[in-house]
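The structure appears right after this line, and notes come after that.
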Amino acid sequence: MRFSFEITETGSSNKTLTPSPPTKTPPSSSSKEQIEWIPLQSHPIFTTTTTSGGGVKNLIAYDKKASRLYLWESHTQSLHRVSIRLGDPDDPTSVLASSSSKVLQPDVHLSFVVSNISINRNGSALLLSGDHGLSVMYLFGRNSAKDSTIICRTVSVGSQYYYENHNSIRTLQILWHPISDTHLGILSSDSVFRIFDLSSDLEKPEQEYYLQPVEPEKCRNAASICPVGFSFGGEHLWDRFTVFILFSDGSIYILCPVVPFGSVHRWDSIWEMYNDAHLFGLKASNSRAVSHSSLAIAWLQATFPQLVSQPAGGGSSVALRAHPYVPFDASLLLQGPLRKVCHGDEEDSELQGTTCEGRAVGILYNIISKDSVLVTSWSSGQLQIDALADEIQPVWNVGNPPRVCVDSHDHILGVAMICESSLGDRPVVKLDQPLDHTAWLGNPPPLLSLAVVDLALPEKIDNGSLISMFADPFVPERIYCLHGGGVDSIIIHFLPFTSQASGKEEVMKAPSVYSILSTSLGETSTPSLLSGFLALEDSFGYSWIVAVTSSQECIVLEMKDWNISLPVHVDREKKDSLDEFQEKDTPVVLSKELLDGPNVVLIPQASPNLRALVADSIEGRSALHQYFKLFHENYVEYAHKVWFELKHHGDYLEKVINKQKECLHKAHQDLSKVEERQPSLDDRINRALEVHCSLEDRLRILRNLPRAHKKPLSGAELDFKTELDRFTGLELGALRSSIEALNARARKFTQSSKSSGGSKSPYRQFPGRRKNPVPESQVSQLRSAVEKLSLVNSETSKKVKLVESALSKIESKE
């Protein structure tokens, strides 16, 4: 399947960086090779590369600072680097690429198939991830001695946690941290969120957060404890230190504050948070607000010591560096699940996700002016769009100390903690509540539902594993959704807090959905998956999308025509009037001015003594001159126009007549063809009627067969089928993930207990209020409990196999 698209309209950009070293020098007149710029979709790398089919992939990345495009080639395990230029003085509506490209090769052989690549903020490292591996490739390497390939250093990350032969822990999502060049966030199937610092240690995480959303005895289904994805917050107050975590049942939890050690932040942003905690927290009348704000202020002062040592204006400092810090007597609280905001006296305690079908598969955070928007994708092809109805504030669980790894100078190197959700009942948050009843009370922010969008995806493929979302870099209201059927553009029109801040009372509008790229030719054909997608934008306000198909064809679409405003609805069914139809089809033989005749000009009233005037006199000559002038203006000039037009329009009239004759001759031919085909059409209609009668007879015979009188399923059978469908779509995968995570933790605990004479662990448990030394009797009980847990896991695995066999039998019967 091949595609052909040509929609381009761009501005221009003066970025002309080439794949040469970072120092950019103007080309001299004596250079041997002249750089040639060609359209990006015509570049040779999109015709020579090959990739393996199957699964969702994103094998292209873009370095905005250096204006370079990267394309991964799975067949040769190499990376192509191409310099691009957005717009050109000669052709400002295109995306151009340098004809010469560089090939980057990892210095080690990768034992897995790369399915996703992503570049960090400064363009120095590229993340290579797949179903069975995770590596980071540094993009500045050495030249190969054999050819012009650049050999780049490639290292694996967290190998002792992921993708080992005896380890069943899988990575669910991997993202670069938006405010750091060296930190990676990884969410795995063992319900642990880890942050790795590539500049310090590639094997041990800098931060570990063990997620425990609900108590084990209160768990209703396995999907409520299985995470599926996460998203970092944006540049807004405490959102920049927040991690949004999505679980299978659609519930969203948040961790705040989570900050990479050594990351750099703007002074005014940190000072705004610091001032907000003093103003609305310490000065509040509620003791809970004072307590929570005091912990937040202490954390800010320890993480950013310059807040205390420098004045309010920041002095000469423009940015602040985050120092490693964690409270020794408290761990982060897993805030959530985020509930929907209520209107008036309604008490709606439903969690997010109850209005959509299937299971949640992805989450995207996007800051749009004054609104923080969360978009959740579901396996049924639906998108749930919500906005945070309140500000996020940090909350700690005091009395639950973390485990801290320190060096010989007591400097913090790493931290690990168990993050539990709140056990108490939370009050229902309403829109009409004052600020004193919501600020700094430790309650998670509620969600304001904006819309639910149904993309109507094809049912032939598993949409749950084929949906990914991207925010437009230039138009924040626009979200791109990549799925098995192509690419859709969702434009959000209603933003509650942005409209409130601007003083406009806008009516709530549903989002607009546009299908900008389709990979399916019809309902009967199988959609082709895209192997790459990214969004580009320049400084002149133009944006493009670049997509790579499974057949390795590059598609470039200019997005200026896809305006964020609602489309103009044209009534195509409205017929033209008879006059307009005649004006369009009737050729113009003579102009309307000539057909209307000469202009009627009123002759001035003659004086009574006109007959007494003599032609040779002055008065007579003047009267004659006036009459001759009126006659010339009205009749002589009109006659001249008629003569001129008739003389010079003879050829035109001849063409019109010939065209009419041709149309008449063609009409006669069509009529003769219809008369010739009329007998055959009659025969075909008669044969169709005979076939229809025979089909009716066969259908009557089939209805009399015993199999046709199949009894419908009873109520109990329908309930059992619904239960099996629920296990197939949701519970079965969640149970598998839970069993894998429990087996991995039990195996690690057994290995650590056996190696009692080994080296001392770098983590130290700091004494807490309720933590006492564990006696040997409890240790033995814990070991026996672990053994029992392994037995329970084996029994659960057997039950899962029984459920699978029952499902296969039912499917075979059907």
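Coordinate-derived values only; no laboratory data. In this text, all values refer to a predicted model and were calculated from it rather than measured experimentally. Ideal geometry is used to build each Cβ from the backbone, glycine not excepted, and the neighbour counts take in all protein chains shown.
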Packing-ranked peptide list from 132-139, 383-390, 683-690, 196-203, highest mean Cβ count within 10 angstrom first, is 383-390, 132-139, 196-203, 683-690
Residue span Leu713 to Ser42: 0.36 nm per residue of separation minus Cα-Cα distance leaves a gain in nm of 235.8 nm
Between Glu357 and Glu723, the FRET efficiency computed from the C-beta separation at R0 = 22 Å comes out, to the nearest 0.05, as 0.85
From the cross-link list Lys204/Lys748; Lys57/Lys102; Lys204/Lys788; Lys370/Lys509, the entries with a Cα-Cα span beyond 20 Å are Lys57/Lys102; Lys204/Lys788
HN-Hα couplings for the range 284-291 via Karplus (6.51, -1.76, 1.60; θ = phi - 60°), in whole Hz with x for Gly/Pro, come out as 7, 7, 8, 5, 5, 5, 5, 5
Taking placed amide H atoms and a strict 5 Å upper bound, the residues 5 or more places from Gly229 or on another chain that come that close are Leu246
The long-range amide H neighbours of Leu320, using H built 1.01 Å from N in the peptide plane and a cut-off of under 5 Å, are His265, Arg266, Trp267
Expected sort for 106-113, 118-125 on mean C-beta neighbours within 10 Å, highest first, is 118-125, 106-113
